[in-house]
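J.: What follows is a structure written as structure tokens; I'll ask about it next.
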Amino acid sequence: QVQLVESGGGLVQAGGSLRLSCAASGRTFSRYTMGWFRQAPGKEREFLAGISWSTGRILYADSVKGRFTISRANAKNTVYLQMNSLKPEDTAVYYCAADSGSVVPDLYEYDYWGQGTQVTVSS
């Protein structure tokens, strides 16, 4: 079992930045691929970025490429999502997730999920 706790969400003006954190505990964190997703009201959960713990491979959704950066801190069992140039359409609940396989954008491949953190971008 892996427990995931997100933090760092909040209210920010358009053009601003936020850094989300996801702290993991439980089973060997280093064996898991980590992903970030978001879900806006009335919309499906959307893949944003993923990072393989073992290979370091990174995958981004086109919608955030160049604005968002995923990274990890091995010693802290934590993965981050740096979000820059935020737009009102980035408003959503942001989730981190753990996958025992490779980096993929399919949310159904992820085995463990955090509770989410709200990000609101005002215009």
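The values are calculated or read from the model by the stated rules, or taken from the named source; none is laboratory data. Just so it is clear, the model here is predicted, and its values are computed rather than measured. Using ideal geometry, Cβ is built from the backbone for each residue, glycine included, and neighbour counts are taken over all protein chains shown. In case anyone asks, the SASA skips ligands and DNA or RNA and just uses the protein heavy atoms, side chains included. Shrake-Rupley method; radii C 1.70, N 1.55, O 1.52, S 1.80 Å.
J.: Is it the case that some residue within segment 2-13 is over 22 Å from residue 120 (Cβ atoms) and over 10 Å from the mean Cα position of the chain (by Cα)?
T.: Yes: segment 2-13 contains one or more residues that are over 22 Å from residue 120 (Cβ atoms) and over 10 Å from the mean Cα position of the chain (by Cα).
J.: Select the strands (runs of 3 or more DSSP E) contained entirely in segment 25-123, then report the ones holding at least 3 residues which are more than 20 Å from residue 7 (Cβ to Cβ).
T.: Answer list for segment 25-123: 58-60.
J.: Out of all the residues in segment 1-24, which are outside any strand (DSSP E or B) and out of contact with any Pro (no Cβ under 8 Å at 6 or more places or on another chain)?
T.: 1, 8, 9, 15, 16, 17
J.: Follow-up question, since we're still on this one. How do the pairs read when you match residues in segment 52-68 that are of a type in the set (A, V, I, L, M) with residues anywhere that are at pLDDT 95 or above and open to solvent by 60 Å² or more (accessible area, probe 1.4 Å), using Cβ under 9 Å and keeping only pairs 6 or more apart or on different chains?
T.: Listed pairs, sorted by first residue: 58/69; 61/46.
J.: Being closer than 16 Å to residue 97 by Cα and either at pLDDT 95 or above or open to solvent by 20 Å² or more (accessible area, probe 1.4 Å) (or both) narrows it down to one of 42, 66, 35, so name that one.
T.: One residue alone meets the criteria, 35.
J.: A follow-up question, please. Here is a check on your reading of the model: is residue 6 surrounded by 17 or more Cβ atoms within 10 Å (Cβ to Cβ), of a type in the set (Asp, Glu) and either at pLDDT 95 or above or out of contact with any helix residue (DSSP H, G or I) (no Cβ under 7 Å at 6 or more places or on another chain) (or both)?
T.: The answer is yes for residue 6.
J.: To continue, here is another question. Only residues that are crowded, with 17+ Cβ neighbours inside 10 Å and touching a Pro at 6+ places or on another chain (Cβ under 9 Å): list them for segment 105-123, please.
T.: Selection gives 121 alone.
J.: Can you tell me how many residues in segment 92-103 are open to solvent by less than 40 Å² (accessible area, probe 1.4 Å) and either more than 11 Å from residue 9 (Cβ to Cβ) or among the hydroxyl-bearing types (Ser, Thr, Tyr) (or both)?
T.: 8
J.: Looking at segment 72-86 only, could you name the residues that are exposed (fewer than 14 other Cβ atoms within 10 Å of the Cβ) and at pLDDT 95 or above?
T.: 85 - this is the single residue of segment 72-86 that is exposed (fewer than 14 other Cβ atoms within 10 Å of the Cβ) and at pLDDT 95 or above.
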